[in-house]
Amino acid sequence: MTTRFTFGGDEHIFVEISEEMSLEAFFKSLSITNAVRDTEIKGVTEICPANASFQIKFNPDLIHPDDLLTELKRIEQNADLSDAVLNTRIIEIPVFYQDPWTNETLMRFRERHQDPTVTDLEYSARINGYDTVESFIAAHAGSPWFVSMVGFVSGLPFLYQMVEREKQIQVPKYLSPRTDTPKLTVGYGGCFSCIYSVRGAGGYQMFGITPMPIFDPEQKTSYLKDFMVFFKPGDIVKWKPINREEYDQALAEVDAGTFEPRIREVVFSLDDFNKDIEGTNTKLEEILYAN
Amino acid sequence: MPINVKTAGLSVTIQDLGRPGYYHLGIPMGGAMDRLALRAANLLVGNDEGAAALEAVFIGPELEFTEDALIAVTGGELPPKLDGETMETWTTIKVKSGQILTFDYLRSGARAYIAVSGGIDTAPALGSRSTYAIGALGGVEGRAIAPGDVLPIGASRGSIAEGTTLPKELRRTPGNPVELRVLPGLYWHRLTDAAGERFFSETWKVASEADRMGYRFQGGTPIEFVERKQPFGAGSDPSNITDSCYPYGSIQIPGGTEPIILHRDAVSGGGFFTIGAVISADMDLIGQLQPHTPTKFVKVNMHTALAARRERSALIEGIRDVIT
């Protein structure tokens, strides 16, 4: 990993830990951004960790950009991965794959797609070497996912597939971003899954939709009463494929305020994961489904 | 005492100086697209510079006042009319209870700011009254104003003389072609040298997809990329990167064809490469660009960016001095 520092105009410093995505790059970014927060550098106004990079927003009236750059380089030098252990949680997220709403949307934006003759799922299955959409969905829902960034729009999680690299799904983003995406669409771009927290623009391939709100500015949703954003980096997600009936049922429960996501506390160690990916994932699922 | 919204205008939202602190969750700073105009409008009615005002795009609303107030309209040239009589922009106007405020057609710019003495007093969300429609935050129920809305107004403090006006040299409006100064960086190295030079030499035009989130530009030559094997996680298009943060003002070029400048309601990150960012001093200008406006991007370095920032601060200081 080679860390690259660059200015984003006169108010941002952008730090790329690695061009490639990896959990190592994520944990290094997390370690540096935590250190930056602890250091309380004068003039720093926002600290935004991302998948394999991060961004600092600052007020150049309070600190010269070059001085902040020097300070960030110093912190980066001292960053290490010894603390790549997280007390976090695993969450089951129901997904209605091949739903009618994302299908309608993808048809509307077909001219912005790499292959206008097939659906996003058909295209993604084919380029990843899956014979059928069903086997592709089974692969998407078959392993846990790591929330490596929250952002884009209100509380949207980027999720990284917790399998060996050669098994990871990769798809391109749309050739040009759509101006519309249904709320709670489960999307895919590069090596990342995401959940669109609100309706709006988007460039990811669309796979399905979840009935479970993950952003609620009014904080009426039962599990979003404390804070309007559900996800934070380090969360682990397991998709659960559901059909139309189950989707409608879950939606009714959300509306009635009785829907409770399945969430369990877990400890994630990057070392343990790298030593035994399958074993780690099995343990995570055991904790998720234990009563 | 409130203001009654009779007709809504176009995308009229409540905006102040925004809600910093939540960008790491994808909730942007937001706030007025043209902050200089917002500050001026507030100063002209005796408010704090960051009080909430209305931001109208192209078409103004029709508002009924239920109390005497001071108002000022700044930014894009959208002449206000009180009970049908045309009034001056960038000027302190006295409004009597019962009067109706409407607007003539837009003469220049794109966004006008309508400040009222006391400020618009809707409930703040995450520390700001700014409307962030995508996240349904702030404003009136997180959306643009609509007929029938009742806008609460705060207690007035200031005493600015009716007719106080801001001299033309203290108003900042985009030229034609507009020039936006850009500090190259971020993923600039992904462009070939020729593509980089062309980006600054060609004249672009503002596209119809231009809103608070971002401004798209058309008309230039598609970008040539430096060849590389795409990094794992980025996606296969040469314009794709492993999803990362987007600075405010950053310029992405999806597919290498049409640059998009992210603005106050920016998405906080994503998977398209960015070539640098418009400097902070020029961000206000972008919100005043109409579709089809010819635009030149001008390459600057950090030294120039900081000097421009100081000039803009001095301009705001000048506005304060004249009005207060």
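Comparing the full protein assembly with the isolated chain, the residues of the range B:266-310 losing at least 50 square angstrom of accessible surface (1.4 Å probe) are B:PHE272, B:MET302, B:LEU306, B:ARG309.
Normalising the average separation of contacting C-alpha pairs (under 8 angstrom, six or more residues apart) by the number of residues puts the relative contact order of the range B:178-314 at 36 percent.
The interface between chain A and chain B buries about 4500 Å² of solvent-accessible area in total (1.4 Å probe, ligands and nucleic acids excluded). Averaged over peptide B:27-34, the number of partner chain Cβ atoms lying within 10 Å of each residue's Cβ comes to 2. Sorted into 5 angstrom bins from 0, the C-alpha pair distances of the range B:3-170 split as 2, 10, 20, 24, 22, 13, 6, 2, 1, 0 percent. Loop sites here are trypsin sites (Lys or Arg not before Pro) outside DSSP states H, G, I, E and B with no more than 13 other Cβ atoms within 10 Å. The longest part of chain A free of them is A:43-219.
The dipole here belongs to the protein assembly as shown: it is taken about the Cα centre, uses +1 on the Cβ of Lys and Arg and -1 on the Cβ of Asp and Glu, and is about 940 debye. Summarising the overall dimensions of chain A from its C-alpha atoms, the Rg and Dmax are 19.7, 58 angstrom. Placing a label point 7 Å from the Cα of A:ARG37 along the Cα-to-Cβ direction, the residues of the range A:226-241 whose backbone N falls under 17 Å of that point are A:227-236. Think of each Lys and Arg Cβ as +1 and each Asp and Glu Cβ as -1; about the Cα centre, that makes the dipole of the range B:3-170 roughly 340 debye.
Both radii are taken from the alpha-carbon atoms of the protein assembly as shown; with Rh as the Kirkwood radius, Rg/Rh is 0.98. Computed in the context of the full set of protein chains, the accessible area of the protein assembly as shown at 1.4 Å probe radius has 50% of its extent on carbon or sulfur. With helices as the sole contributors, the protein assembly as shown gives -6500 deg cm²/dmol at 222 nm; each DSSP H run of n ≥ 4 counts as -39500 (n - 2.57), and the sum is divided by every residue. Fraction of C-alpha pairs exceeding 38 angstrom in chain B: 17 percent, rounded to a whole number. Along the axis of the charge dipole computed for the range A:4-82 (Cβ charges of +1 for Lys and Arg, -1 for Asp and Glu, origin at the Cα centre), the listed residues A:LEU69, A:PHE26, A:VAL15 are led at the positive end by A:PHE26. The distance separating the Cα centre of the range A:1-67 from that of the range B:163-205 comes to 26 Å. For the range A:61-167, a crude dipole built from +1 on the beta carbon of Lys and Arg and -1 on the beta carbon of Asp and Glu, taken about the Cα centre, is about 200 debye to the nearest 20. Accessible surface computed residue by residue for the protein assembly as shown, with neighbouring protein chains in place and a 1.4 Å probe, gives 38 Å² per residue.
Building the convex hull from the alpha-carbon atoms of the range B:178-314 and averaging its projection over directions returns 7.8 nm². Each Cα pair under 8 Å and six or more residues apart adds its separation to the average, and for chain B the resulting relative contact order is 20 percent.
The range A:4-82 gives an Rg/Rh value of 0.94, both radii derived from C-alpha positions and Rh following Kirkwood. Between the beta carbons of B:ASP104 and B:LYS205, assuming R0 = 30 Å, the FRET efficiency works out to 0.70 to the nearest 0.05.
Interface residues of the range A:11-39, defined as those losing at least 10 Å² of solvent-accessible heavy-atom surface relative to the isolated chain (probe radius 1.4 Å), are listed as A:GLU11, A:HIS12, A:PHE14, A:GLU16, A:GLU19, A:GLU20, A:MET21. Karplus-based coupling profile of the range B:305-314, in residue order and whole Hz: 4, 6, 5, 5, 5, 5, 4, 5, 4, 5, with θ = phi - 60° in 6.51 cos²θ - 1.76 cosθ + 1.60 and x standing for Gly or Pro. Sequence-ordered 3J(HN,Hα) estimates for the range B:208-218 from the Karplus curve with 6.51, -1.76 and 1.60 and θ = phi - 60° stand at 6, 7, 8, 8, 5, 6, x, 10, 9, 10, 10 Hz, glycine and proline given as x. Only one residue of B:GLY318, B:ASN301, B:GLY287 has its Cα farthest out toward the positive end of the dipole of the range B:279-324, where Lys and Arg carry +1 and Asp and Glu -1 on Cβ, and that residue is B:ASN301.
Do the alpha carbons of any pairs in B:LYS168/B:LYS299; A:LYS28/A:LYS173; A:LYS183/A:LYS238; A:LYS28/A:LYS73 sit beyond 22 Å of each other, and which pairs? Flagged as over cut-off: B:LYS168/B:LYS299; A:LYS28/A:LYS173. Report the calculated FRET efficiency for B:THR324 and A:ASP226 (r = Cβ-Cβ distance, R0 = 51 Å), to the nearest 0.05. My answer for the efficiency is 0.75.
Each of B:GLY135, B:LEU82, B:TYR22 was placed along the dipole of the range B:3-170 (beta-carbon charges, centred on the mean Cα), and the one lying farthest toward the positive end is B:TYR22.
The values are calculated or read from the model by the stated rules, or taken from the named source; none is laboratory data. In this text, all values refer to a predicted model and were calculated from it rather than measured experimentally. Using ideal geometry, Cβ is built from the backbone for each residue, glycine included, and neighbour counts are taken over all protein chains shown. Only protein heavy atoms, including side chains, enter the accessible area calculation; ligands, DNA and RNA are left aside. Shrake-Rupley method; radii C 1.70, N 1.55, O 1.52, S 1.80 Å.
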